[in-house]
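The values are calculated or read from the model by the stated rules, or taken from the named source; none is laboratory data. Note that the coordinates shown come from a computational prediction; the quantities given were computed from them, not determined experimentally. For neighbour counting, all protein chains shown are included, and Cβ atoms are generated from backbone atoms with ideal geometry for every residue, glycine included.
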Amino acid sequence: MDTIFALASGQGRSGVAVIRLSGPASWLAVAGLAGTLPAPRRASLRRLRAGGLDLDDALVLLFAEGESFTGEESAELQVHGSVAVVSAVQAALSAMDGLRPAEAGEFTRRALENGRLDLAQVEGLADLIDAETETQRRQALRVLSGAVGARAEGWRRDLIDFADEDVPADVTPEVRQLLSGVMTSLRAELAGYGAAERIRDGFEVAIVGRPNTGKSTLLNALAGREAAITSEHAGTTRDVIEVRMDLGGLAVTFLDTAGMREAQDPVEAIGIARARDRAEAADLRIFLLDQGVGTLVAPRPGDILAVGKCDIDRRSAADADLRLSGLTGEGISALTAMVAARLGERVAGAAVITRERHRLAIRRAVEGLERAIGALDLGLYQAEVAAEEMRHAIRGLDSLVGRVDVENLLDEIFASFCIGK
């Protein structure tokens, strides 16, 4: 296998830049630049030289085969983070036989191929790199730490003893009970998938109301900037305007929608139709009430009802949760706290699995167990059918962590990784 190298830290000028190497010639390449090598896993300062020229003073760190991120002999060069230094060191490495620049995600792909990570952990690493909020960070780190694989292995271990042999008549009730227990656990994981997915992808909260109820002003107050045009003229907002933010550790996109009314203007009508569709699909809606007049979208349980423009509208909030003014800021802190609390309730039972691929793998396992239990209920002569269905369920769990049926997914998964990871 080739020895690969890449800049593992960010592009551009920085205090320190990290150049990573992995493969059988890693230590030999470092020796060619640094002369002597430090002991593995012990950073040591070395002068890097190539072609008779000094390149930089660098911290050199070596990892033995089986003890590195990739599972291969590896090294890191921590050099000064100037573009010129990084370019000079990479040029020197490129000139060495057997070395080449790494492709996107190739270090992590080697970690997968060498058994250092399972496929779910690879996906967790990708999510950790992309994490924007504290909740996303914790979720991704849990997956990267092997939580999905550990849970899958537990389910698999419960099934494997019976899948490869005939089921004796006298233990059929015990086997059925075991399968039912595993299936209950799998179904609970599926039930929590929606919440886990929302943590990963983020929630959408739509601000809904009739024209001129202060929706755009409220969005600007939430965003802390002029994200939407505001005007005293009704129908100013013609499209859905989005502002994404971290709210209580959750990624939340607030949507400013067109004022909902029966429009005569065809362009405004398109905007209202889009607003209605996005509001219906949103995870939560904030309704700005207008003298008790309804909108084209009906509130659902958990939605927030508010009196908007409370700086000029002196109505009581008897029929609403809050009084808000995007202009003065009144009620904004209470609104964000309420949104965070209501969304937080929805993620309390989040599953370990986070991706549609995970859901489909577990669904496949559940279907196999359902058929296995059905076969057992038909009597001992269906024992071989039950065992085969159990093996089908195990294959579903194996695909969850990348043991089987994932070759066609790898290119797509690693396409999201940067070079050097």
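Here is a yes/no grid of residues against (1) in contact (Cβ under 8 Å) with a residue 60 or more places away in the chain; (2) outside any strand (DSSP E or B):
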| site | (1), (2) |
| --- | --- |
| Met1 | yes, yes |
| Ser14 | yes, yes |
| Thr36 | no, yes |
| Pro40 | no, yes |
| Val60 | no, no |
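Condition check ((1) touching a Gly at 6+ places or on another chain (Cβ under 7 Å); (2) β-branched (Val, Ile, Thr); (3) more than 15 Å from Ala17 (Cβ to Cβ)) across all residues:
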position: Ser44; (1), (2), (3): no, no, yes
position: Leu61; (1), (2), (3): no, no, no
position: Gly66; (1), (2), (3): no, no, yes
position: Glu72; (1), (2), (3): yes, no, yes
position: Ala88; (1), (2), (3): no, no, no
Inset, instruction - Would you please name the residue that is surrounded by the fewest Cβ atoms within 10 Å (Cβ to Cβ), looking only at residues in region 177-195 that are modelled with pLDDT under 90 and not polar (S, T, N, Q)? - result: Leu178
Inset, instruction - Read through the list (1) modelled with pLDDT under 85; (2) farther than 17 Å from Ala120 by Cβ; (3) more than 17 Å from the chain's Cα centre (by Cα), then give the number of the only condition that Ser333 fails. - result: (1)
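Can you pull out the helices (runs of 4 or more DSSP H) entirely within region 70-153 that have at least 2 residues that are at negative phi, at pLDDT 90 or above and among the polar types (S, T, N, Q)?
The helices (runs of 4 or more DSSP H) meeting that bar are 83-94, 134-144.
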